[in-house]
Amino acid sequence: MSASTPKIDGDLGSNFIYDIIDADLAGGAVTQVHTRFPPEPNGYLHIGSAKAIWISAGAAMKYGGLFNLRYDDTNPVREDDEYVRSIEEDLNWLGAVPNGGIFYGSDYFEQCYEFAVQLIKDGKAYVCDLSQEEMAAWRGTLTEPGKNSPYRTRSVEENLDLFGRMKNGEFPDGSRTLRAIIDMSSSNMNLRDPVLYRILHAAHHRQGTKWCIYPMYDFAHTIQDALEGITHSLCSIEFENHRPLYDWVADNIGFAKKPRQYEFARLNITHTVMSKRYLRELVESGSVDGWDDPRMPTLCALRRRGYTPSSIFEFVKRAGVAKAYSVVDIRLLEYCIREELNQNAPRRMAVLDPVKLTITNYPTSQAETFPIPNNPLDETAGTRDVAFSGKLYIEREDFSEDPPPKWQRLRPNGEVRLMGAYIIRCNEFVKDAEGNITELLCTADLETRNDKPLDGRKVKGTIHWVSAATAVPAKANLYDNLFTLENVADAPDGTNFLEYLNPDSLTVRDNCKLEATLGGVQPGERFQFVRMGYFSADPKHPGTFSRVVQLKDSFKLEG
RNA sequence: UGGCCCGUCGACAAGUGGUAAGUCACAUGACUUUGACUCAUGCAUUCGUAGGUUCGAAUCCUGCCGGGCCAACCA
């Protein structure tokens, strides 16, 4: 795995988080910004994670601060080393360097335990013998206050003894918990004597069987943030109700420098499921081929499809940071990669649905090449010599026997420019028994080569081509989200990705793999279709195309 | 139905008492060796809603409506 260059830089824009930091810096509450990204290693990072990364790593970068990666691995039954590795790889690919260090929440288990003991000694926590069901009943409801646990008044000595024995493995799972003494009548359920520690005889991916009690998120996370010197603990909005508990833990343990938690709305994208739980379900049920299945919104899947870190961060930035629930149009993501590839990606011609085209006045013995720009927007990209001959393939869709109005491509007795080469005129076309066109017979304006016509006539259309002699048949992965969606038409915004996994749409997957005839592309080379055969039909102009899809992604030639 | 958070163009989102930025999408026109790209133009008399305060309100107050989160020994 090679480290990519940092992609978070320069213009990070502005948002309310930065306003808060500005104020903290100005008021002297904070002198050095320190943030963290705390994924639980229970799944692969997705584009929603990229938002969290961008915000936290971006804040550190913007203010010359530190950014930590911390694996939030306090629940041994859900976590695995596979995910740790994938997270590291994805973060590295993104170029979000954890300049503050890489940490594991589980490495703080010892401190967590000591702080819990301290809380007991301070009379702020107790060992509770209520079962899970009993605790739920005693907790009350959203509208009714809870009742104090009968174990709430245990002596410090008894609590200390019991907690020590919990740690030593004397009690079975679920038999006891350590709870904070806060307020059973709080309107915030998180404050009704929340569980701080639970008994769980399970092997931890990193700690092994060293522990059989594990700290809960609210307790452990606050401690981790405080110990690492995090100044701004940025998380998504569902943790808003947890902030009072976060503050309670920090206050009652008595950290000198207390981290502050701020929340922002998580990223939602149209037609995309972003819940790690559902994504894992898709993988484990075999509904997709894996975490990097191109239909997944994971970073590894986006990477496989040719998305770049900078395009993902650009998308996140454009989508904005706010607290309002929102669903960002996936077309904004597509715009971001299109924008970048349009500037950078080298062009290659590829014919997906070939039809033979013979230039009848082109000498069979003749062979020549035409220099074609690798990227018309970037002169420094240079040109490549593309072999030309009298026998070519063009896109079947670039010829119309009976063209609609405003047709600019090839038609009987019509002229068209072969990209970077001659202007040709179609004189005849050959059909098979079924009426399918099998060959086009054309003549070229051999005097012009790839210049303007000598007589000044206008030829509006230009089409791409490959020479039959040098073309290589190849399989290209045309994984593309929009392409997929267009085949399950009329899915309303907000439709869950899962809903696409119905029998009708499963066939889409097969269509994702297309045979392409490529000119001048080497195996392993990443390329972009100059134009590919899949356009969305424009209902207002039948037979024309409203959108070129190929600029959305780049593709890697397999084999 | 308790508490907290949130409602600004089709989608995001600035704006935080002085008279509605920007982007995506969309539409039209120009340009074009790919109908792409690029360029130009258009796209919220109005900020969920009803009142109130004010010379003046998207911004402050109140009610109502709508959405999200919370009753794991998950994170």
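In contact (Cβ under 8 Å) with a residue 24 or more places away in the chain, surrounded by fewer than 20 Cβ atoms within 10 Å (Cβ to Cβ), more than 9 Å from RNA strand B (Cβ to nearest atom) and not in a helix (DSSP H, G or I): is that true of A:K406 in this structure?
no
Taking A:L245, is it within 27 Å of A:D122 (Cα to Cα), modelled with pLDDT of 95 or more and buried (at least 22 other Cβ atoms within 10 Å of the Cβ)?
Yes: the conditions hold for A:L245.
Specify which of the listed residues (A:R417, A:R425, A:R396) is within 12 Å of RNA strand B (Cβ to nearest atom) and of a type in the set (K, R).
A:R417
Would you check if A:G100 is surrounded by fewer than 18 Cβ atoms within 10 Å (Cβ to Cβ), more than 14 Å from RNA strand B (Cβ to nearest atom) and small (G, A, S)?
Criteria not met by A:G100.
Looking at the structure I just gave you, is A:L333 more than 13 Å from RNA strand B (Cβ to nearest atom) and assigned to a helix (DSSP H, G or I)?
no
Tally the residues that are at pLDDT 85 or above and crowded, with 20+ Cβ neighbours inside 10 Å, restricting the search to the range A:288-299.
Counting residues in the range A:288-299 that are at pLDDT 85 or above and crowded, with 20+ Cβ neighbours inside 10 Å gives 4.
Take the conditions surrounded by fewer than 16 Cβ atoms within 10 Å (Cβ to Cβ), out of contact with any helix residue (DSSP H, G or I) (no Cβ under 6 Å at 6 or more places or on another chain) and closer than 21 Å to A:R266 by Cα and apply them to A:Y335. Does it pass?
So A:Y335 fails the test.
Basic (K, R), within 18 Å of A:Y83 (Cα to Cα) and more than 15 Å from RNA strand B (Cβ to nearest atom): which single residue out of A:R304, A:R295 fits that description?
None of the others qualify; the one that does is A:R304.
Of (1) at positive phi; (2) part of a strand (DSSP E or B), A:G123 satisfies all except one. Which?
If we test A:G123 against (1) at positive phi; (2) part of a strand (DSSP E or B), just (2) comes out false.
Restricting the first residue to the range A:104-133 and requiring it to be closer than 22 Å to A:H205 by Cα, which pairs with a second residue that is within 16 Å of RNA strand B (Cβ to nearest atom) and small (G, A, S) meet a Cβ separation below 6 Å and a spacing of at least six or different chains?
Matching pairs, first to second residue: A:G105/A:A220; A:C112/A:A220.
Being closer than 30 Å to A:P309 by Cα and assigned to a helix (DSSP H, G or I) is the requirement here; does A:I102 meet it?
Here the answer is no, as A:I102 does not meet what is asked.
Would you confirm, using the coordinates I've provided, whether A:R70 is charged (D, E, K, R), crowded, with 20+ Cβ neighbours inside 10 Å and within 12 Å of RNA strand B (Cβ to nearest atom)?
For A:R70, the condition - charged (D, E, K, R), crowded, with 20+ Cβ neighbours inside 10 Å and within 12 Å of RNA strand B (Cβ to nearest atom) - is met.
The values are calculated or read from the model by the stated rules, or taken from the named source; none is laboratory data. A quick note: this is a predicted structure, and the numbers were derived from the prediction, not measured. Virtual Cβ from ideal backbone geometry, glycine too; neighbours counted across all protein chains shown.
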